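What follows is a short report on a single structure.
The values are calculated or read from the model by the stated rules, or taken from the named source; none is laboratory data. Only a predicted model underlies this, so the values are computations on that prediction, with no experimental measurement involved. Because the Cβ atoms are built from the backbone with ideal geometry, glycine has one as well, and the counts that use them run over all protein chains shown. Please note that ligands, DNA and RNA were not included when accessible areas were found on the heavy atoms of the full protein model with its side chains. Shrake-Rupley method; radii C 1.70, N 1.55, O 1.52, S 1.80 Å.
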Amino acid sequence: MNLAYLKQHLWALTITLFVVLLLPGRVNALDPTEFFRQGSIYLEQGKLGPAIVAFTEAIQQDASYVEAYNNRALAYYEQGNNDQAQADFLKALELDPDNEIANSNLGILLFEKGDYENALAYLERAIDTTKQFKPHHAVIFRNLAFVYEKIGIEDKAEISIE
């Protein structure tokens, strides 16, 4: 990791912590959705530390904020902290068992951990809970095909790809 990269992330984290810890009036002015929005921007920019801080603040303000758990899990996943990512995906699903994105994301994480049986269960659940087809469902079907292929169910892999 180069010094400029490290300075950029430390600077972003410092600003976030300043807002969260030292400006309580400002924090109260921000609702959980604003912290979620900020966290999503950080996540998109690859600023994982500040993203986690922002999502954590959103969760502290609204412990039932499923999307904040899911996105914080993605940030943890990008950091390589798969255990914490898995815990957040599971919390999101505890709050909303039919959340197709959290089911899909947890399925991918478990697939990468080599837990194909559980990966398959979560990916199938993501598909089963789908009310109408959306563009991101193509990714879920592709991921489902990977798992089917990995465990040797070729016919279902082909159907999922189609």
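Things worth noting here:
- Condition met for Tyr122 (crowded, with 20+ Cβ neighbours inside 10 Å and over 24 Å from Ile151 (Cα atoms)): no
- The lone exception for Glu94 - which of (1) open to solvent by 50 Å² or more (accessible area, probe 1.4 Å); (2) of a type in the set (Asp, Glu); (3) at pLDDT below 95 it fails: (3)
- With respect to being among the hydrophobic types (A, V, I, L, M, F, W, C), surrounded by 18 or more Cβ atoms within 10 Å (Cβ to Cβ) and more than 10 Å from the chain's Cα centre (by Cα), Ala87 falls outside the description.
- Selection of first residues in segment 64-93 that are without any contact (Cβ under 8 Å) to a residue 60 or more places away in the chain and at negative phi and of second residues that are outside any helix (DSSP H, G or I) and open to solvent by 60 Å² or more (accessible area, probe 1.4 Å), restricted to Cβ pairs under 8 Å at least 6 apart or on distinct chains, gives the following pairs, ordered by first then second residue: Asn82/Lys113.
Here is a yes/no grid of residues against (1) open to solvent by less than 70 Å² (accessible area, probe 1.4 Å); (2) under 24 Å from Glu78 (Cβ atoms); (3) modelled with pLDDT under 50:
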position	(1), (2), (3)
Thr14	no, yes, yes
Pro24	no, no, yes
Asn28	no, no, yes
Glu34	yes, yes, no
Arg37	no, yes, no
Ser40	yes, yes, no
Glu44	no, yes, no
Gly49	yes, yes, no
Ala54	yes, yes, no
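- Within segment 108-158, considering residues that are in a helix (DSSP H, G or I), among the hydrophobic types (A, V, I, L, M, F, W, C) and modelled with pLDDT under 75, the one farthest from Asp96 (Cα to Cα): Ala157
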